[in-house]
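Notes to accompany the following structure.
The values are calculated or read from the model by the stated rules, or taken from the named source; none is laboratory data. What you see is a predicted model, and the numbers here were worked out from it, not measured in a lab. Backbone-built Cβ (ideal geometry, glycine too); neighbour counts: all protein chains shown.
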């Protein structure tokens with residue numbers, strides 16, 4: 001089975017969490033859309049203070065999020 005990229009995982013999880021778009025995730029999490037894009041495109045690692053809001057918005061555990069971002 002091919003490995004899913006962080007961006008592919010995010011697209012799926014946005015649907016699961018009923019957010020639909022990166023813009024909506026930014027609104028719900030309080031994290032800048034451009035910053036979110038960098039996280040899920042592998043250009044930047046999220047700081048510890050955004051893990052909680054991201055997990056809450058995406059309805060996932062910190063472990064799941066960090067694995068999706070290839071940070072764990």
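The figures follow:
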{"quantity": "Residue list for the range 31-48, restricted to those being loosely packed, with under 13 Cβ neighbours inside 10 Å and either under 15 Å from residue 11 (Cβ atoms) or at pLDDT 95 or above (or both)", "calculated": "32, 34, 41"}
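Rundown of residues vs (1) surrounded by 14 or more Cβ atoms within 10 Å (Cβ to Cβ); (2) more than 10 Å from the chain's Cα centre (by Cα); (3) at pLDDT below 95, yes/no style:
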{"residue": "24", "(1), (2), (3)": "yes, yes, no"}
{"residue": "27", "(1), (2), (3)": "no, yes, no"}
{"residue": "52", "(1), (2), (3)": "no, yes, no"}
{"residue": "55", "(1), (2), (3)": "yes, no, no"}
{"residue": "66", "(1), (2), (3)": "yes, no, yes"}
